[in-house]
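Novice: Before I ask anything, here is the structure I am working with.
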Amino acid sequence: MSRPPHVDTDADAEANADAGSDAGAPPTATAPPDPSSIDTSRRPFVLIWEVTQACDLACDHCRADATPARHPDELTTAEGKRLLDQAREFGPGQLVVLSGGDPLARSDLAELVKYGTDLGLRMTLTPSGTSSLTPETVADLVDAGVRRMALSLDGATAASHDAFRGEDGSFDQTVAAARAAREAGLPLQINTTVCAQTVDELPALCDLVADLGAVLWSVFFLVPVGRGRVLDPISPERAERVMEWLTEVSEDAPFGVKTTEAPHYRRVAIQRRRDASDAPPTDGIGRRLGITAGDGFAFVSHTGDLFPSGFLPATAGNVRDGGLVERYRESDLFRSLRDRDALGGKCGACEFRHVCGGSRSRAYAHTGDPLASDPLCAYVPDGYDGPMPATRSAGD
Ligand code: SF4
C-alpha cells in the first residue's frame, strides 16, 4: 500500500530542510524552531531581506525589476546590521533569507552573513546564477555561517533556462554553483517559477532537483508583478493538476517540496489525504501551520520598506531606523492579513481558509484588494454562490 498523502506545509518543509542541515550537529542557538511552536502573529517564519536590486541578469519574471547598478539609497552595511539586530528581537533561530537582485552584488555580503550568524540568526541566501558565484565565493559564505543556498532553475535545459533568464550560460553556471554548494556541504534549495512558459518542464526539473542533491524544491506559482507581468500564468485547473502531482512527488522524492504563493497546495494535500483514508471530514482543517504574506512571512526591501511579501507592494512603513517587530505584529496591514475571517469572496467562504487563505499577493495583483479571492484556485466551497475571481491564463 502506498503511503497516504501528508500535508507538508511551507513551514514544515522549511524546517525539515533545515533539520537536514543540522544533522549530526550539537544543538545551538540557531537550531530551527519547531514550526508548530511559532505564533505567526508574533514572528515570521521567514524574513526576507532584499539586500540589493542590482543583478547582471534580466529574467523575464523578475519581481524586483532588477538593474545592473546598486540603488544609491540601499541600506548601508551599518543599517543592514541594525536590521539584523531587529530581526533577532523576533526570537532565537529567526530564519533570514538574503535575496535580491543578486546579493553577491554587495561586497559586504559575507560580513552581513557572519554578523547575523553571530546574533543567532539562521542566515540563508538566494544568489543569481552568474559567473560571480564561484566555488571560492561559496566557501567564503560557508565560513561566514550561511545555512542554505537557494538557486533558481526555471528550465531543465540550458536552452530553456537561459531563454527564461535572458542570459546565455546561466544554466551551466547555476548547475556548477549547485554542485559547488554540495561539495562545500551547504544544503541546497532549488526555486522554480511555474507559468505557461515553464510548466511542461516540471517533470524534467524534478529529476534535475534530485540529481543535484537539493534538500528542498520551492515551486513558485507566478504572481504578475515586476517583469513577471509579461509572463502568462497557468489556469486554475492546470494549477490544480500541478499541485496534485507535487503531492505525489513529495511522497517519494529525496527532497522536501513547498509551494510559494500557492497555499492551496495544503488544501489539495488535505483533500487527497481524506480521499485516501477514513479520516473524518474536519481532520486537519483547524490547524494553522502554513505561511502566507504577512502571516509567518515578511519582506524588507533594499531601501528598508517592510512588505507582507515581495509580491505584495503594500507597505507597513520603513524599518531603516527601527520598528520591524512592532510593525510586523501591530500594523493594520499585517494584522488584517492574519485575520482569515476578514477574507472576501470564495476564500472568505471557504472551510480551508485557516490552513490555506489563498495568495494575498495574487489577490492584490489582480484586484488591488489583498483580502480578495485568490484567482488561481479552482476550488469552490460547498454552497458558495457569490462572485468568482477573474483569471488570465495560458499554457493548458
Ligand atoms: S478558495 Fe481560497 S481559501 Fe479556499 S482553498 Fe481556494 S485559495 Fe484556499
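Novice: Across the range 313-343, what is the total count of residues that are in contact (Cβ under 8 Å) with a residue 60 or more places away in the chain, hydrophobic (A, V, I, L, M, F, W, C) and within 16 Å of the ligand (Cβ to nearest atom)?
Specialist: Within the range 313-343, residues that are in contact (Cβ under 8 Å) with a residue 60 or more places away in the chain, hydrophobic (A, V, I, L, M, F, W, C) and within 16 Å of the ligand (Cβ to nearest atom) number 0.
Novice: While we're on this one: Going by the structure shown, is GLU351 among the acidic types (Asp, Glu) and more than 8 Å from the ligand (Cβ to nearest atom)? Break it down into steps so the answer makes sense when it comes.
Specialist: On the way: among the acidic types (Asp, Glu): yes; more than 8 Å from the ligand (Cβ to nearest atom): no.
So GLU351 fails the test.
Novice: Would you say VAL209 is of a type in the set (Val, Ile, Thr), part of a helix (DSSP H, G or I), at pLDDT 95 or above and farther than 22 Å from LEU125 by Cβ? Walk me through it before giving the result.
Specialist: Working: of a type in the set (Val, Ile, Thr): yes; part of a helix (DSSP H, G or I): yes; at pLDDT 95 or above: yes; farther than 22 Å from LEU125 by Cβ: no.
The answer is no for VAL209.
Novice: Right, here's the next one. What is the number of the single condition among (1) more than 26 Å from ALA180 (Cβ to Cβ); (2) among the aromatic types (Phe, Trp, Tyr); (3) touching a strand residue (DSSP E or B) at 6+ places or on another chain (Cβ under 7 Å); (4) more than 15 Å from the ligand (Cβ to nearest atom) that PHE221 does not meet?
Specialist: The one condition PHE221 does not meet is (4).
Novice: Looking at (1) touching a helix residue (DSSP H, G or I) at 6+ places or on another chain (Cβ under 8 Å); (2) closer than 21 Å to GLY100 by Cα; (3) of a type in the set (Gly, Ala, Ser); (4) assigned to a helix (DSSP H, G or I), which one does SER160 not meet, given that it meets all the others?
Specialist: Looking at each condition in turn, SER160 falls short on (2).
Novice: Give the residues of the range 256-265 that are part of a helix (DSSP H, G or I) and under 11 Å from LEU246 (Cβ atoms), sorted by residue number. Walk me through it before giving the result.
Specialist: Filtering the range 256-265 down to residues part of a helix (DSSP H, G or I) leaves 264-265.
TYR265 - this is the single residue of the range 256-265 that is part of a helix (DSSP H, G or I) and under 11 Å from LEU246 (Cβ atoms).
Novice: Looking at (1) modelled with pLDDT of 95 or more; (2) over 21 Å from the mean Cα position of the chain (by Cα), find the lone condition where ASP168 falls short.
Specialist: For ASP168, the exception is condition (1).
Novice: Cβ-Cβ distance below 6 Å, separation of 6 or more or different chains: which pairs start in the range 357-371 with a residue that is within 14 Å of PRO263 (Cα to Cα) and end on one that is assigned to a helix (DSSP H, G or I)?
Specialist: GLY357/ARG340; GLY358/CYS347; ARG360/LEU337
Novice: Moving on. Being assigned to a helix (DSSP H, G or I) and crowded, with 22+ Cβ neighbours inside 10 Å, is that true of even one residue in the range 335-344? Can you show your working first?
Specialist: So the first thing to find is which residues in the range 335-344 are assigned to a helix (DSSP H, G or I), and the list is 335-337, 340-342.
The next check asks that each one be crowded, with 22+ Cβ neighbours inside 10 Å; those that pass are 337.
Yes: the range 335-344 contains one or more residues that are assigned to a helix (DSSP H, G or I) and crowded, with 22+ Cβ neighbours inside 10 Å.
The values are calculated or read from the model by the stated rules, or taken from the named source; none is laboratory data. Since we're looking at a predicted model, the values are computed, not measured. All Cβ positions, even for glycine, are placed from backbone atoms using ideal geometry, and neighbour counts span all protein chains on display.
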